[in-house]
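K.L.:
Okay, here's the structure, questions in a sec.
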Amino acid sequence: MIAHRQPGLGAALSVAAVATLAGVTAAAAQSGSAGRAPDRVLAFPAPVGEERLDVDRGAMGAWHRIRKLATTASLLHVTAHPDDEHAGMLTLASRGWGARTALLSLNRGEAGANAIGPELFDALGLIRTRELVLSGRYYGLDDLYFTTAVDYGYSKSVDEAFRSWDREAVLEDMVRVIRLNRPLVVVSRFHGSARDGHGHHHAAGLLTPEAVAGAADPARFPRQISEEGLRPWRVLRTFRGGVRVDEPYDVEVDATGMSPWLGDTYQRWASRGLGLQRSQTAGRVRTGGGRYFYEQLGGAGDGAAAAAGIAESFFAGLDATLRGLPALLDEPASPEADSLLAELDRLIGAVAETFDFRDPGRAVADLARGLGWIRAAIAALPDSPETRFHLTLKERQFEEALLAASGTTVSAELARGPGVGGEAVLAPGQTAAVQVRVEPPASAESGGVTAWIVSRDGETLAPPDRVVPRPDGSTEALEVRVPATPAAPYFGRGDVSENHYQVSDSADLHLPWRRPALAAGVELAIAGHVIAHTVPVTAPVARLPYGAVTRRVETLPVLSVSLAPDVGIVPVGGAGGDDDAGGGGGSPAAPPAAPMEVRARVVANAAPLSATVRLELPEGWTTAPGTPGVVEHDFRTPGEIVDAAFVVTPPAGWRGEAEIAAVARARGVDYRRGYRTSEHRDLPLARLWRPARIPVRSVPVTRLDGVRVGYVMGVGDEVPAGIEALGATVELLDEAALAELDPAAGADSADEPGFHAIVVGTRAYAVREDLIEHNRRLLEYARRGGHLIVLYQTQEYVPSEMAPYPASLPRGAEEVSEEDAPVRLLRPDHPLMTAPNRIAEADFDGWIEQRGSKFFTEWDPAYTPLVETHDTGQAPQEGVWLTAPVGEGRYTYLALALHRQLPYGVPGAYRILSNVISWR
């Protein structure tokens, strides 16, 4: 047993408290509260392996948890997107004040740019969710929530936001989160006015006080009460941010102070965490800031903060002690409970005052005593549900503090190493051995521990069993048979036109992701008090030569099948006039459509097994002669991947839209879904699940057969696949290729044709130092007859230095966020607008999310602007597509959002791409 008693502390306890404890049953004091633990509260994803920060380990981790015992303060911070949050405020609130701290983001940032990879839309939302969890570990978050709203793109007005989002649905989600979390204070990041800029920001600011009022009103969203078992909740104070320093405000939070426990200021520590949202920050750490101003809103607030003048925290004037909790919540407290809570306040203060960083275990005996008292206080308050709720959370915090102070860690790992393909993957029906480890073993006391394994659905896979840890802390492995559990996220949508997710499992609703596929439960006694602790089952995954990473075990189907490309394009001519623009019928004399390659990727998560994969084609479509209609494969090892290529041909004269699906079959079962995995540094894996089917549509566009294109990939995009869909050959230009690029590469040689065009991908200048170094080679390529096409860039691209003629691309460069914004052709007879496809205004129909971003604001007369577009109320923007002759060749800056349109088969994007690449 680990138990270090602090001399003298027990003597400070009152006679009344000792008498009260004597009258409390041992079960109430030692075995935990009998009620169900609060749902989805203190539910921030538990770190595994190296995810746990150093400041949350050892003595520092114990101190942080003890700090949280001393207050019942709690707050919910409301934002619109990941990376909107007031990071310094959250860090000070949690790691400085000890408040229970939660963050609610209205969406997952699906429509943002991506500085670390090609993922966009829903795949990017999964990444940004994981980045926000990573940042939240730095902030010290206790909870993280999301609504079901989807980020559909930049919105310049709140009216546009509410046209796209179902306002009532978003409000319902926000009310549910408040009723679940039950914070004392809600803090909006935004002001709720036009000053917020982004329409999503404005919406978050407007909806926050409405959600606070709705959470307290039982008539609002009554099914949450009658069917979900929630109760109304009255938030004590509501604040809004976005307040300027020269305006009246009620609270000034100063996060610039030094934290001796973090070794830095709260703001700088928070900025370090915020900088890890690399898809948006590109790894840059923001500096400065740290003072936040908030105005208290009327309504449910008690006005005490305003009466006290400018406060340093949201809780000024509130009695956030344990003893003050019942009165704060307008509930009665029995004499027994009042005495217990008063003694708890004194005990926690003494533990904090005498805490020894050299020997955290000295606090164990008193923390254990406090755990017993908090359990007894809960039992003594049968008629105070709100007080019981908050004390139950405090009980869990006591348990965490006791584990940390005693140095006890619990982990569960696959006993036979990683699963499928060396990854942390198991397939249904497999048998797995899970080894639970309790360190140090003495934490288990003399009787050992009780351990069990449960699935994501709560099914007990290995029943509770009493085991005694070995000297290294490990236990005898528990054997489980892996069940079939849902593997995809609990939220999803049919396509990018939907602005709300559909939810498949309400048990995880609003959480960052599903609960662990497999979890190990452990019941152990420390200093005579029983604690139940649950951890995800993990496996080490090799990432040599950098060692291994710890992954949560996932259960995946036996087979995964997915199709590429994301959309099938059938070019059907289209060199004619306006009648064929934007996806209309092509010329009647157009040649028959060329065959199209469709690739099916099959991943086996179990082996050995034999499987087949075939396509389900639209009526009249066929596989090309000499190519297989069914591919068979014997998978020998788990994790093996097979890419099956099918060449399919539409019937003569085919026009319109259709769908191609893939079916994999093994052991008598058909599989029609698959996933794409995104792996990025410091983040858990993200798997985007999709049905194994792709839309196919005809596009009236001239093919690029025989055309050779060089592509300088930036952060990652699908533009090269779009170019290849037109029949061109794409060569990716890496650092070596750029260094060796012949400026005369635009000309044909005896060995191979020259590049008709070189395309610089989105945001390439932000991530390719070699591109900046060799930029002169690209300009010389243009001067010698090539066509250099630069897609949209950020401020790292300095056109006055890197383009052939001066231009301006400032940090706040304009964009047009309304995907249906009007487009006017400025030079309809320009060669890039007429050949080989005549571009018309109809080519801008059916666009997704936005017209474009990062436009030139000023430019030399040598440039010719080709189109103009603008959002509602925005000045006309002509810097979106500019071109200029350069020597014998041409330079084009093309900031239209082609990278967002091409993966979804928008016809006009392909026609524009065909024209700019075809220029000679």
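The values are calculated or read from the model by the stated rules, or taken from the named source; none is laboratory data. As the structure is a prediction and not an experimental result, all values here were calculated from the model. Don't worry about glycine lacking a Cβ; one is built from the backbone with ideal geometry, like all the others, and counts go over all protein chains shown. Just the protein is used for accessible areas: all its heavy atoms, side chains included, with ligands, DNA and RNA removed. Shrake-Rupley method; radii C 1.70, N 1.55, O 1.52, S 1.80 Å.
K.L.:
Here is a list: Thr864, Thr883, Thr872. Which entry is hydroxyl-bearing (Ser, Thr, Tyr), at pLDDT 95 or above and open to solvent by 10 Å² or more (accessible area, probe 1.4 Å)?
P.N.:
On the way: Thr883 fails: open to solvent by 10 Å² or more (accessible area, probe 1.4 Å); Thr872 fails: at pLDDT 95 or above.
After applying the criteria, what remains is Thr864.
K.L.:
Would you kindly identify the helices (runs of 4 or more DSSP H) lying entirely within region 299-418 that contain at least 2 residues that are over 36 Å from the mean Cα position of the chain (by Cα)?
P.N.:
Of the helices (runs of 4 or more DSSP H) lying wholly inside region 299-418, those with at least 2 residues that are over 36 Å from the mean Cα position of the chain (by Cα) span 304-307, 325-328, 335-354, 364-379.
K.L.:
Let me ask something additional. Within region 823-832, track down each residue that is open to solvent by 40 Å² or more (accessible area, probe 1.4 Å) and outside any loop (DSSP other than H, G, I, E, B).
P.N.:
Once the filter is applied, which keeps residues that are open to solvent by 40 Å² or more (accessible area, probe 1.4 Å) and outside any loop (DSSP other than H, G, I, E, B), region 823-832 yields Arg824, Pro831.
K.L.:
I would also like to ask the following. Within region 550-566, work out how many residues are among the β-branched types (Val, Ile, Thr) and either surrounded by fewer than 20 Cβ atoms within 10 Å (Cβ to Cβ) or out of contact with any strand residue (DSSP E or B) (no Cβ under 9 Å at 6 or more places or on another chain) (or both).
P.N.:
Residues meeting the conditions: 1.
K.L.:
If you take the residues of region 76-105 that are closer than 17 Å to Asp264 by Cα and hydrophobic (A, V, I, L, M, F, W, C), which of them is surrounded by the fewest Cβ atoms within 10 Å (Cβ to Cβ)?
P.N.:
Filtering region 76-105 for residues that are closer than 17 Å to Asp264 by Cα and hydrophobic (A, V, I, L, M, F, W, C), the one surrounded by the fewest Cβ atoms within 10 Å (Cβ to Cβ) comes out as Trp97.
K.L.:
So Val572 passes all but one of these: (1) modelled with pLDDT of 95 or more; (2) buried (at least 18 other Cβ atoms within 10 Å of the Cβ); (3) out of contact with any helix residue (DSSP H, G or I) (no Cβ under 8 Å at 6 or more places or on another chain); (4) of a type outside the set (D, E, K, R). Which condition number does it fail?
P.N.:
Condition (1) is where Val572 drops out.
K.L.:
A follow-up question, please. Could you give me the residue pairs with C-beta distances under 9 Å whose first residue belongs to region 902-913 and is farther than 15 Å from Glu841 by Cα, whose second residue is crowded, with 24+ Cβ neighbours inside 10 Å and among the hydroxyl-bearing types (Ser, Thr, Tyr) wherever it lies, and which are 6+ apart or on separate chains?
P.N.:
Taking only residues 6 or more apart or on different chains, the pairs are Leu902/Tyr910.
K.L.:
Related question: So which residues in region 184-200 are out of contact with any strand residue (DSSP E or B) (no Cβ under 8 Å at 6 or more places or on another chain) and either in a loop (DSSP other than H, G, I, E, B) or of a type in the set (Val, Ile, Thr) (or both)?
P.N.:
Ser193, Gly197, His198
K.L.:
Considering only residues of region 550-570 that are in a strand (DSSP E or B) and touching a Gly at 6+ places or on another chain (Cβ under 7 Å), which is farthest from Glu679 (Cα to Cα)?
P.N.:
So the residue we want is Ile569.
K.L.:
Please specify each residue of region 863-895 satisfying the condition of being in a strand (DSSP E or B), acidic (Asp, Glu) and within 33 Å of the chain's Cα centre (by Cα).
P.N.:
Residues of region 863-895 that are in a strand (DSSP E or B), as a first pass: 864-865, 867-869, 877, 881-886, 889-894.
Add one more test, that the residue is acidic (Asp, Glu), and what stays is 868.
Selection gives nothing.
K.L.:
Which of the residues that make up region 240-284 are open to solvent by 40 Å² or more (accessible area, probe 1.4 Å), part of a helix (DSSP H, G or I) and at pLDDT 95 or above?
P.N.:
Selection gives Arg268, Arg272, Arg278.
K.L.:
Okay, moving on. Taking the condition in a loop (DSSP other than H, G, I, E, B) and free of Cβ contacts under 8 Å to residues at least 24 places away in the same chain, does Pro463 pass? Explain how you work it out, then say what you get.
P.N.:
Values: in a loop (DSSP other than H, G, I, E, B): no; free of Cβ contacts under 8 Å to residues at least 24 places away in the same chain: yes.
Taking the combined requirement at face value, the residue does not satisfy it.
K.L.:
Considering only residues of region 795-822 that are of a type in the set (Ser, Thr, Tyr) and surrounded by fewer than 21 Cβ atoms within 10 Å (Cβ to Cβ), which is nearest to Arg900 (Cα to Cα)?
P.N.:
Taking the candidates together, the pick is Ser808.
K.L.:
Find all pairs meeting these conditions: Cβ atoms under 9 angstrom apart; at least six residues apart or on different chains; first residue within region 654-677 and among the acidic types (Asp, Glu); second residue open to solvent by 70 Å² or more (accessible area, probe 1.4 Å).
P.N.:
Short answer, once both residue conditions are applied: Glu659/Arg693.
K.L.:
Any residue in region 165-172 that is more than 27 Å from Ala320 (Cβ to Cβ), in contact with a strand residue (DSSP E or B) (Cβ under 9 Å, 6 or more places away or on another chain), open to solvent by 10 Å² or more (accessible area, probe 1.4 Å) and part of a helix (DSSP H, G or I)? Spell out how you get there, then give the answer.
P.N.:
Narrowing region 165-172 to residues more than 27 Å from Ala320 (Cβ to Cβ): 165-172.
Checking the rest, the ones that are also in contact with a strand residue (DSSP E or B) (Cβ under 9 Å, 6 or more places away or on another chain) come to 165-166, 169-170.
Next, from what is left, pick out any that are open to solvent by 10 Å² or more (accessible area, probe 1.4 Å): 166, 169.
Filter once more, keeping what is part of a helix (DSSP H, G or I): 169.
Yes; the residues of region 165-172 include at least one that is more than 27 Å from Ala320 (Cβ to Cβ), in contact with a strand residue (DSSP E or B) (Cβ under 9 Å, 6 or more places away or on another chain), open to solvent by 10 Å² or more (accessible area, probe 1.4 Å) and part of a helix (DSSP H, G or I).
K.L.:
Tell me yes or no: at least one residue of region 843-860 is of a type in the set (Val, Ile, Thr) and either farther than 24 Å from Thr794 by Cα or open to solvent by less than 20 Å² (accessible area, probe 1.4 Å) (or both).
P.N.:
For region 843-860, residues of a type in the set (Val, Ile, Thr) and either farther than 24 Å from Thr794 by Cα or open to solvent by less than 20 Å² (accessible area, probe 1.4 Å) (or both): absent.
K.L.:
Every residue in region 776-793 that is farther than 11 Å from Ala764 by Cα and open to solvent by less than 10 Å² (accessible area, probe 1.4 Å), please.
P.N.:
Those that are farther than 11 Å from Ala764 by Cα and open to solvent by less than 10 Å² (accessible area, probe 1.4 Å): Leu778, Tyr781, Ala782, Gly786, His787, Leu788, Ile789.
K.L.:
Next question, about the same structure. Residues in region 833-862 that are hydrophobic (A, V, I, L, M, F, W, C), within 19 Å of Val916 (Cα to Cα) and either touching a Ser or Thr at 6+ places or on another chain (Cβ under 6 Å) or part of a loop (DSSP other than H, G, I, E, B) (or both): how many?
P.N.:
Count: 7.
K.L.:
Could I ask something else about it? Is there any pair linking a residue in region 794-812 that is under 14 Å from Val760 (Cα atoms) to one that is open to solvent by less than 50 Å² (accessible area, probe 1.4 Å) and charged (D, E, K, R), with Cβ under 7 Å and at least six apart or on different chains, and which?
P.N.:
Thr794/Arg763; Thr794/Lys854
K.L.:
Would you check if there is a residue in region 759-775 being under 35 Å from the mean Cα position of the chain (by Cα), of a type in the set (Lys, Arg) and either open to solvent by 20 Å² or more (accessible area, probe 1.4 Å) or more than 17 Å from Glu801 (Cα to Cα) (or both)?
P.N.:
Looking through region 759-775, at least one residue is under 35 Å from the mean Cα position of the chain (by Cα), of a type in the set (Lys, Arg) and either open to solvent by 20 Å² or more (accessible area, probe 1.4 Å) or more than 17 Å from Glu801 (Cα to Cα) (or both).
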